[in-house]
1. Looking at the stretch C:35-248 only, what percent of DSSP beta bridges run antiparallel? Nearest 5 please.
2. What are the residues whose amide H is under 5 Å from the amide H of C:THR244, where those residues sit 5 or more places off or on another chain and H is modelled from the backbone?
3. In whole Å, how far is the Cα centre of the stretch C:220-267 from that of the stretch B:310-384?
4. Let me confirm one metric for peptide B:61-69, namely the mean number of other chain beta-carbon atoms within 10 Å of its residues' beta-carbons.
5. Tell me, what ³J(HN,Hα) does each residue in the stretch C:38-44 have, in order and in whole Hz, if you take phi through Karplus 6.51 cos²θ - 1.76 cosθ + 1.60 with θ = phi - 60° and put x for Gly and Pro?
6. Please identify the trypsin sites (Lys or Arg not before Pro) of the stretch C:91-137 that satisfy two criteria: DSSP loop assignment and at most 11 other Cβ atoms within 10 Å. Which are they?
7. Residues with amide H under 5 Å of C:CYS104's amide H, sequence separation 5 or more or different chain, H placed in the peptide plane at 1.01 Å from N; which?
8. Each residue of the stretch C:143-149 in turn: what ³J(HN,Hα) in whole Hz from Karplus with 6.51, -1.76, 1.60 and θ = phi - 60°, glycine and Pro shown as x?
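The values are calculated or read from the model by the stated rules, or taken from the named source; none is laboratory data. As the structure is a prediction and not an experimental result, all values here were calculated from the model. As a convention, Cβ positions derive from the backbone with ideal geometry for all residues, glycine included, and neighbour counts pool all protein chains shown. For accessibility, only protein heavy atoms count, side chains too; no ligands or nucleic acids. Shrake-Rupley method; radii C 1.70, N 1.55, O 1.52, S 1.80 Å.
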Amino acid sequence: MEYYSYVNIFETKGLAYILLICFLVLGILLIKYLSAPEKKDSSAAERKPRT
Amino acid sequence: MNNAAVFTGELRSFLKFFLQELKPRGKWLTPFNVISIPTIILGLIILYFRFTEGLGSVTNLSQQFPFGFWIGFDVMTGVALAGGAYVICFVVYVMRLEKYHCIVKVTVLNGLLAYVFYSGALVLDLGRPWHIINPIIGNSFGYNSVLFLVSWHFLLYMIVLFVEFSPTIAEWAHWEKLRKFLTGLTLGAVIIGITLSILHQSGVGAMFLMAKPKIHPLWYSEYIPLLYFVSSIFAGLSMIIFEGSISHKVFSNLIGEKTHHSHDEIVLGLAKAAAITMFVYYFFLAFIFMHGDKWKFINTPWGYWYLVEVIGFVLIPCFMFAYAVRNRRLGVIRVAAAMAIFGVVLNRQNICLIAFNWYAENRYYPSWQEIVVTLMVVFVEIWVFRWIVTRMSVFSKE
Amino acid sequence: MDRRQFFLTTATVCAGGVPANTTRAEEVKEPKEFSAVLVDTTRCIGCRSCEVACSVTHGNYVPDIKNDGALEKVRDTSEKQWTVVNRFETEKGEVFVKKQCLHCWQPACAAACLVNAMLKTKEGPVTWDGDKCMGCRFCMVSCPFDMPKFEYSGWNPKIQKCNMCYDRLLEGKKPACVESCPTDALMFGQKRELMEVARHRVYSHPDKYVHHIYGEQEAGGTGWLYLSAVPFEKIGFRTDLGTTPYPEYTREFLISVPLIEFGVPAFLLALNMLTDRKDEVQENHGWKDE
């Protein structure tokens with residue numbers, strides 16, 4: 001009977017923490033990418049009037 | 001007695017002013033009017049049949065698909081896309097970022113009209129709409145219902161948005177004292193409004209919690225409320241970007257020089273926030289996917305459709321936003337905003353219509369009448385929006 | 001017993017004028033448990049007299065059971081008929097299954113209803129009140145058995161579904177379908193008694209029945225119970241509904257509402273005070289310069 005077999009409901013928990021760490025790293029990269037360095041910003045601003 | 005005479009005098013002069021303002025301005029035979037007027041007339045004819053012959057006469061609703069396009073598009077999607085109002089209010093009034101102040105009024109107006117019209121469209125879908133006051137007046141409070149919560153929060157939030165927008169109306173009608181009083185209410189209204197928004201945005205998702213056996217497992221999870229809330233943030237931000245770029249073309253004569261220039265910076269800021277929110281949303285989706293052990297569904301047609309939504313209209317627009325912010329490409333931001341909006345529309349349609357009763361043999365497709373009525377609602381909203389922005393100082397004149 | 005009497009007396013004295021039966025929860029006992037019906041599909045001969053009895057009692061469409069050949073295909077209940085009998089070809093021959101609202105113990109439709117039009121009565125039936133219903137059809141979305149049916153034609157639509165002959169129950173009668181059944185396939189009673197009857201039948205004929213009583217646990221338990229000779233998924237039942245009562249799925253969300261409604265405004269107000277830059281020291285440009 002399916003009622004009497006053990007089901008570990010936290011089986012995916014370990015994988016969840018790995019996923020969390022991966023996404024935290026990716027998130028830091030994304031935020032670093034978004035807050036672009038000043039140099040890049042000014043050169044882009046120079047480029048803008050031309051386009 | 002003297003007071004009364006003054007009051008009636010005031011009222012009369014205001015009515016005169018109001019009638020004056022009702023008249024159209026400029027030429028009325030524009031391409032938009034040429035399309036919208038026949039649509040609205042056709043929509044009204046359809047609604048006549050809907051209210052005399054019943055819902056079945058104009059819609060494709062069935063016993064298996066009780067929620068159709070009017071709920072799935074107008075209400076579910078309209079509410080998500082109107083999320084920009086509470087996000088911007090949070091940024092400007094709670095976080096006090098003055099940079100975004102010049103878009104507050106127009107965003108709040110958009111939110112107010114979206115709520116009035118899209119949750120107003122709910123009335124069209126109700127079978128017995130004359131009982132709509134029942135959950136409000138208290139003769140039968142169904143506290144146990146998610147919909148009870150949602151309907152109350154819609155109502156309260158509409159009032160709150162009206163209070164937030166009311167100083168502009170008072171300014172237009174030259175009621176200086178009232179305007180000052182109403183401006184004082186803004187912070188309180190904003191704080192209540194954000195709270196109500198968090199709850200009803202997630203509440204709209206919570207409506208599907210009990211439909212567990214009917215929604216495809218790739219879309220169903222107990223976290224639907226959280227997903228609806230997070231997606232309403234970037235849906236709202238994308239909508240502000242999208243609407244803003246249209247408004248700045250269409251109503252460019254109403255917008256001041258300084259605001260025109262600062263608009264690029266505002267769009268970049270919003271896009272940055274949207275990129276981060278979408279990234280968080282994508283993480284939530286991945287986490288729920290993994291936690292629910294949904295790998296077995298991926299290699300099916302439903303799985304591919306799910307990937308179209310999640311990769312094509314969440315992850316890709318997220319990266320487009322990030323790329324565009326870094327390289328200051330405003331065109332890319334607009335495309336990304338349109339894609340993100342489409343992604344949210346797709347998500348709501350999937351949960352409400354497409355992956356709902358996914359095993360059903362007779363699928364639901366909206367009838368042409370349902371689409372016309374939806375277009376009618378959108379057009380009427382744009383009409384009212386246009387009427388207001390051309391008369392009240394909604395856009396910043398600076 | 002003495003102790004109980006003592007409490008009762010004390011309570012009555014303390015409560016003064018308040019009637020004794022409302023002073024303590026223990027004393028408030030429902031006169032009856034929820035009513036229930038046991039359907040033994042091995043006994044059903046597919047005569048469809050229940051369909052006729054139901055429709056006659058409630059003034060719905062009365063099917064022509066002799067000539068309409070409706071058993072040829074599997075039907076669903078509709079806004080015109082609250083109950084239907086379906087025929088299934090199985091390895092144990094023809095099986096007839098009556099279908100109607102199962103009257104869940106914790107109905108999703110009643111939890112979904114924002115005006116309490118769908119109501120779980122204390123007698124057991126789930127009923128619908130047309131004076132309250134606003135026709136939002138959220139009950140239809142929520143019901144795991146797809147039982148509420150909506151009248152899409154007509155300006156004044158109703159939600160139609162079996163109400164277990166609520167009016168007849170109040171008069172002390174059995175539901176019309178149970179009374180009309182010629183083979184005792186339907187049995188009316190209280191769920192506890194009917195569970196005993198059902199288990200007894202399964203235990204005494206272990207080869208005749210599958211060892212499962214549909215409705216004992218499904219969706220948190222239903223008022224209608226089914227016995228079958230073949231697995232239930234083969235005779236049109238959903239066996240993937242789980243044993244959780246459906247209102248439980250919205251419970252956490254609904255309970256967290258007041259928490260958010262109190263916590264978030266306070267948090268926002270605090271944040272607003274925190275970001276007040278009026279009295280900020282101008283020379284200091286922030287933590288980045290330190």
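1. Details: 19 of 23 bridges.
Roughly 85 percent of the DSSP beta bridges within the stretch C:35-248 come out antiparallel.
2. Sorted by chain and number, the residues that satisfy this are C:ALA219, C:GLY220.
3. After rounding, the separation between the Cα centres reads 30 Å.
4. Numbers: counts 4, 2, 13, 3, 3, 13, 5, 1, 0.
Counting Cβ atoms of other protein chains within 10 Å of each residue's Cβ and averaging gives 5.
5. 9, 10, 9, 5, 6, 9, 6
6. Values: sites: C:LYS92, C:LYS98, C:LYS99, C:LYS120, C:LYS122, C:LYS132, C:ARG137; in loops: C:LYS92, C:LYS122, C:LYS132, C:ARG137.
Listed in order of number, the matching sites are C:LYS122.
7. Close amide H contacts, sequence-distant or interchain: C:GLY223.
8. 5, x, 9, 6, 8, x, 10
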